[in-house]
Amino acid sequence: MAASKQGFFLSFEGIDGAGKSSHIDALARALRQAGRTVTLTREPGGTPLAEQVRTLLLHEAMDAHTEALLAFAARRHHVGHVIAPALARGEVVISDRFADATFAYQGAGRGLDWSVLLELERITLSGFGLNPDAVLKPDLTLWFDLPAATAAQRLAAARVPDRFEAQPEHFFAAVAGGYARRCAEDGARFARIAADADRPGVWQQVLAAVQAHGLLEGAA
Ligand SMILES: Nc1ncnc2c1ncn2[C@@H]1O[C@H](COP(=O)(O)OP(=O)(O)OP(=O)(O)O)[C@@H](O)[C@H]1O
Ligand SMILES: Cc1cn([C@H]2C[C@H](O)[C@@H](COP(=O)(O)O)O2)c(=O)[nH]c1=O
């Protein structure tokens with residue numbers, strides 16, 4: 001009988017336009033070719049209910065507390081219905097954003113109190129693993145770090161902006177600071193990707209970070 005594989009939870013983070021999307025798809029393909037079952041998902045979203053919350057968050061006016069509460073409510077549903085079951089089946093879960101985004105966008109970007117967000121994270125994300133007190137966190141977070149000015153140039157050419165993408169450059173500089181703070185507080189979980197490199201250069205960094213965690217050994 002084949003040995004069962006352990007679940008692994010990977011998140012991609014960064015300011016809007018940092019360049020996560022194509023690498024998420026490429027990583028999922030590479031992991032599947034290497035024999036892993038991959039659940040690809042995103043936040044806000046990932047379940048029909050959470051996708052409805054996503055539409056509200058991205059398009060309806062609301063204050064920062066409402067944003068944070070909706071983001072965590074959607075996340076709890078997403079974890080309970082998609083992420084935790086997939087991890088229990090031994091799959092690799094790749095989420096385009098997770099809880100770090102709420103700290104970066106609603107905390108550093110909108111100015112919500114960090115300790116309030118920590119408490120929301122604890123209430124919302126504990127009780128899913130074997131230890132009921134443990135807060136569910138990704139095993140590895142790939143943080144695409146890109147100057148806000150570069151992201152703005154990339155996005156200007158790319159698409160019609162939603163509520164967040166329409167924010168000024170200084171908002172994204174603050175959000176990037178929020179990611180840096182989360183990384184400083186939990187360094188072992190993070191791999192910082194220098195996202196101002198060209199696409200092959202970014203991919204090599206993604207691969208190296210994933211390989212360092214024992215996934216995708218030998219891939220180039
Ligand atoms: N390394 C790169 N160099 C130059 N341009 C890039 C690079 N990576 C992505 N881009 C371009 O930047 C834009 C934003 O990329 P992408 O949509 O992948 O970012 P994202 O992080 O997924 O953004 P969001 O979170 O807002 O969806 C796209 O037009 C994409 O083609
Ligand atoms: C999870 C999460 C996300 N956001 C913001 C970040 C982005 O601007 C959008 C999601 O769009 P994407 O193109 O799919 O990245 O939502 C947020 O403000 N708070 C959160 O918790």
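The values are calculated or read from the model by the stated rules, or taken from the named source; none is laboratory data. Quick caveat: nothing in here was measured; it's all calculated off a predicted structure. Virtual Cβ from ideal backbone geometry, glycine too; neighbours counted across all protein chains shown.
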If you go through region 44-64 one residue at a time, how many are exposed (fewer than 14 other Cβ atoms within 10 Å of the Cβ), under 20 Å from R110 (Cβ atoms) and more than 16 Å from ligand 1 (Cβ to nearest atom)? 4
Close pairs from region 46-65: first of a type outside the set (V, I, T), partner at pLDDT 95 or above and loosely packed, with under 12 Cβ neighbours inside 10 Å, Cβ under 7 Å, at least 6 apart: A64/G111
Can you name the condition, by its number, that S115 falls short on among (1) more than 15 Å from ligand 2 (Cβ to nearest atom); (2) in contact with a Gly (Cβ under 9 Å, 6 or more places away or on another chain)? (2)
Contact list, first residue from region 119-142 and among the hydroxyl-bearing types (S, T, Y) and surrounded by fewer than 20 Cβ atoms within 10 Å (Cβ to Cβ), second anywhere and modelled with pLDDT under 95 and assigned to a loop (DSSP other than H, G, I, E, B), beta-carbon distance below 9 Å, six or more apart or interchain, is S126/P132; S126/D133; S126/A134
Kindly provide the set of residues from region 87-117 that are of a type in the set (A, V, I, L, M) and surrounded by fewer than 19 Cβ atoms within 10 Å (Cβ to Cβ), ordered by number. A88, V116
Condition check for A158: free of Cβ contacts under 8 Å to residues at least 60 places away in the same chain and either more than 29 Å from R32 (Cβ to Cβ) or not basic (K, R) (or both): no
